[in-house]
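Colleague: Please see the structure below; I have some questions.
FYI, it's all coordinate maths here, none of it is from the lab. Source: prediction; values computed, not measured. Heads up, the Cβs are rebuilt from the backbone with ideal geometry, glycines too, and the neighbour counts pull from every protein chain shown.
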Amino acid sequence: MPLALLALAVGAFGIGTTEFVMMGLLPDVADDLHISIPAAGHLVSAYALGVVIGAPLLAALTARMSRRTVLIALMALFVVGNALSAFAPTDATLLAARFLSGLPHGAFFGVGAVVATTMVAPERKARSVSLMFLGLTVANIAGVPVATLVGQHLGWRATFLGVSVIGLAAIASLAALIPHDHTHATATGLRGELAALRSVPVWLALGTTVAGFGALFAAYSYITPMLTDAAGYADASVTLLLALFGVGATIGNLLGGRLADHSMRGTLFGGLASLAAVLLLFPLLMHTQTSAALAVTLLGTAAFVTGSPLQLMVMEKAAAAPSLASSANQAAFNLANAGGAWIGGLALAAGFGTTSPALAGALLAVLGLAVAGVAYAVDRRAPHTGRVVATHVPHETPTLHH
């Protein structure tokens with residue numbers, strides 16, 4: 001695999017760290033800025049809103065630019081957002097800085113996925129995307145825990161300065177390793193990119209992302225009370241258990257990339273079915289500490305098996321102009337985060353029990369399977385569409401060397 005994929009992974013590592021570290025730093029931020037924990041929670045929402053708005057907007061606005069230039073510019077915006085977060089004097093300015101930090105997130109992954117697939121042979125496209133996403137999953141294992149510890153010992157502002165340094169390292173890596181050629185933007189421009197979103201198969205693929213990852217976040221958003229109240233873990237053990245989720249996500253991401261290169265559709269169906277099964281078993285697995293730890297790991301594995309095939313599915317359906325659609329898939333991922341957490345919360349509020357969010361997630365996974373099934377039926381009815389494999393994505397000449 002080309003070294004350029006490492007540059008994409010470094011950027012993904014920084015983005016994954018800054019996205020999830022705020023959850024662990026909320027008490028410190030609230031205490032320092034003299035606001036309540038719920039008010040500090042708006043900082044998480046501000047970042048997610050930045051992702052949802054920035055993903056399609058920035059991808060569309062940069063449609064005619066060199067993808068190498070776009071990636072470097074997006075990472076520069078990421079550095080600025082995190083530096084401003086570190087020096088934000090009030091909660092309002094920190095809220096704005098977090099929104100700014102989220103803007104480049106989706107477009108970076110969307111454009112990065114397109115770049116990754118152009119640098120490898122056709123039979124390795126899914127694996128190239130999974131290697132970029134590796135930075136995101138490793139961030140959950142190492143980046144978030146380390147950044148949280150730094151914030152707790154040196155202050156939360158030091159954490160965001162550290163993330164800015166990671167962003168600078170990513171910029172240097174992108175400048176050094178991403179080739180100048182073979183990463184040109186599509187000639188269709190903004191109009192062509194927007195036209196891609198008028199495709200029913202594209203929307204079905206995005207719908208599968210929302211339902212499938214909504215299933216994950218319905219359960220994961222409430223994993224701490226499940227582990228402490230149902231499984232009997234102490235609060236101090238939760239951080240280590242969440243690292244197990246990151247291990248599972250890393251395994252699932254690499255496995256999904258490899259399997260999707262052989263059968264994208266089969267990997268997607270298998271991943272969603274496995275996710276539904278794991279979530280259905282959650283009430284049983286949360287009865288003992290050992291099985292609960294296994295459940296957390298399996299949740300990460302099953303969910304992230306679908307990551308690469310879903311990203312490539314969207315790109316395949318918008319092959320003439322994949323950057324916007326690919327970035328929109330990242331917006332769909334964040335909508336799944338918010339929507340899944342809301343649905344899981346409804347199950348808890350209804351009094352169905354501590355593990356009920358997992359059962360709500362299982363229903364969402366089944367819904368994702370149904371949407372994927374409809375997409376498959378639409379493909380079979382289209383005379384020009386054959387079996388979906390990664391070699392169809394996208395229609396650009398690959399290069400094996402940087």
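Colleague: Just name one of G344, A230, M132: the one whose Cα is farthest towards the positive end of the charge dipole of the chain (beta-carbon charges, Lys/Arg +1, Asp/Glu -1).
Modeller: Positive-end residue among those listed: M132.
Colleague: Take the chain, connect every pair of alpha-carbon atoms lying under 10 Å apart with a spring to form a Gaussian network, then pick out the residue of F20, F87, F160 with the largest mean-square fluctuation.
Modeller: Its mean-square fluctuation being the largest, the pick is F87.
Colleague: Something else: For segment 209-271 and segment 334-365, write down the distance between their C-alpha centroids in whole Å.
Modeller: 14 Å
Colleague: Evaluate the charge dipole of the chain about its Cα centre and quote only its size in Debye, nearest 20, assuming +1 on the Cβ of each Lys and Arg and -1 on the Cβ of each Asp and Glu. Before the final figure, lay out the partial values.
Modeller: Working: 16 positive and 14 negative charges, 229 e Å.
Result for the chain is approximately 1100 debye, rounded to the nearest 20.
Colleague: Would you mind classifying the chain by shape? Square roots of the alpha carbon gyration tensor eigenvalues, ordered a ≥ b ≥ c; an a/c under 1.5 is rounded, otherwise it is prolate if a/b is larger than b/c and oblate if not.
Modeller: Cα axes put the chain in the oblate bin.
Colleague: Okay, moving on. For segment 102-126 and segment 136-182, compute the distance between their C-alpha centroids and round to whole Å.
Modeller: 19 Å
Colleague: Would you mind telling me which residue in A328, A349, A86 has the biggest mean-square fluctuation in a Gaussian network model of the chain, where springs connect alpha carbons within a distance under 10 angstrom?
Modeller: Among A328, A349, A86, the largest GNM mean-square fluctuation belongs to A349.
Colleague: Follow-up. Quick check on the chain: helices-only [θ] at 222 nm, where DSSP H runs of length 4 and up contribute -39,500 (n - 2.57) each and the sum goes over total residues. Nearest 500, please.
Modeller: Rounded to the nearest 500, the figure is -26500 deg cm²/dmol.
Colleague: Using a 10 angstrom cutoff on alpha carbons, build the Gaussian network for the chain and name the most mobile of A331, A158, A260.
Modeller: Largest GNM mean-square fluctuation: A158.
Colleague: How many angstrom lie between the Cα centre of segment 48-75 and the Cα centre of segment 292-333?
Modeller: 18 Å
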